[in-house]
1. With respect to ILE106, is the statement that it is within 16 Å of the ligand (Cβ to nearest atom), part of a helix (DSSP H, G or I) and open to solvent by 30 Å² or more (accessible area, probe 1.4 Å) true?
2. Does SER33 fit the bill of being within 16 Å of the ligand (Cβ to nearest atom) and not charged (D, E, K, R)?
3. In segment 162-177, which residue that is in a helix (DSSP H, G or I) and among the hydrophobic types (A, V, I, L, M, F, W, C) is surrounded by the fewest Cβ atoms within 10 Å (Cβ to Cβ)?
4. For segment 45-57, which positions are in contact with a strand residue (DSSP E or B) (Cβ under 9 Å, 6 or more places away or on another chain) and either of a type in the set (A, V, I, L, M, F, W, C) or open to solvent by 10 Å² or more (accessible area, probe 1.4 Å) (or both)?
5. Out of segment 186-208, which residues are away from the ligand (no atom under 15 Å from the Cβ) and touching a Cys at 6+ places or on another chain (Cβ under 8 Å)?
6. Checking the condition farther than 25 Å from PRO97 by Cα and open to solvent by less than 30 Å² (accessible area, probe 1.4 Å), which residue from VAL224, VAL196, VAL188 passes?
7. Every residue in segment 118-137 that is crowded, with 18+ Cβ neighbours inside 10 Å and within 13 Å of the ligand (Cβ to nearest atom), please.
Amino acid sequence: MSETLKKGALYIISTPIGNLQDITLRALHLLKSVDLIAAEDTRHTKHLLTKHDIPTVLTSYHDHNKEEKTPVLIHRLKEGQSIALVCDAGTPGISDPGFYLIRRCIEEGIPTIPVPGPTAATTALVISGLPTDTFLFLGFLPKKRVARLKRLALFKNTLATLILYESPYRVAKTLQDCLDALGNRQAVIARELTKVFEEVMRGSLEELLARLQAKPCRGEITLVIEGQRSEK
Ligand code: SAM
């Protein structure tokens, strides 16, 4: 039996990180049923909705309009509308502006309902071959080198496997900073996961850096880095 929609609730719905088939039956049902979908990039989400024959109205919700848009969405939720929040890829709230809306809804006593699905961080972790029993998600590092080195230094001694998001334009610099801050460890570049050009590169930070210097890589990238080895 299909789930009955809760009025006045924010549904936090995970969508694919590449392959459009990576969407749950529950997500499709709810995307069809809600009054409105708040999407980070409406064109991108429209593509997914069209593929699955979902006519629900879209509105944009991204980093540059989140401050004006949040009160508007909260108002609609308080009027009893149900709204789905989706991001460009994966789970809303993980390194994207969804966090801002979710926190405001919690403060306002609005029900927030998770609809789980893919996220790049755990997808990269499980194919990394690095320990999965303890891991630490660092999201995007700060853009300035000094701040990045300082951030990485905080996690130098953790045994947890580290997961980072990075843009392809900065990935070589990030690998160099990881090498400088953490020492030469095993790491994985997980590129274009679930997409046609999916690629997983494994090696030491030095080896991966040399590889990228010889041939820069493009596309969406998640880095997974070994934690401090316990025997050290
Ligand atoms: N909310 C998303 C999630 O659940 O993974 C992440 C949003 S964050 C703005 C986007 C970053 O996720 C990209 O810069 C990249 O580091 C990572 N990412 C997204 N899709 C990916 C993919 N298909 N392969 C590898 N990394 C990906």
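The values are calculated or read from the model by the stated rules, or taken from the named source; none is laboratory data. This structure is a prediction, so every number in the text was calculated from the model and none was measured. No Cβ is skipped: glycine too gets one built from the backbone with ideal geometry, and neighbour counts run over all protein chains shown. Just so you know, the surface numbers come from the protein's heavy atoms only, side chains and all, with ligands and any DNA or RNA stripped out. Shrake-Rupley method; radii C 1.70, N 1.55, O 1.52, S 1.80 Å.
1. no
2. Against the criterion (within 16 Å of the ligand (Cβ to nearest atom) and not charged (D, E, K, R)), SER33 does not qualify.
3. The qualifying residue surrounded by the fewest Cβ atoms within 10 Å (Cβ to Cβ) is ALA172.
4. Within segment 45-57, LYS46, LEU48, LEU49, ILE54, THR56, VAL57 qualify.
5. Once the filter is applied, which keeps residues that are away from the ligand (no atom under 15 Å from the Cβ) and touching a Cys at 6+ places or on another chain (Cβ under 8 Å), segment 186-208 yields only LEU205.
6. Being farther than 25 Å from PRO97 by Cα and open to solvent by less than 30 Å² (accessible area, probe 1.4 Å) holds for just one of VAL224, VAL196, VAL188, which is VAL188.
7. Those that are crowded, with 18+ Cβ neighbours inside 10 Å and within 13 Å of the ligand (Cβ to nearest atom): PRO118, THR119, ALA120, ALA121, THR123, ALA124, LEU125, SER128.
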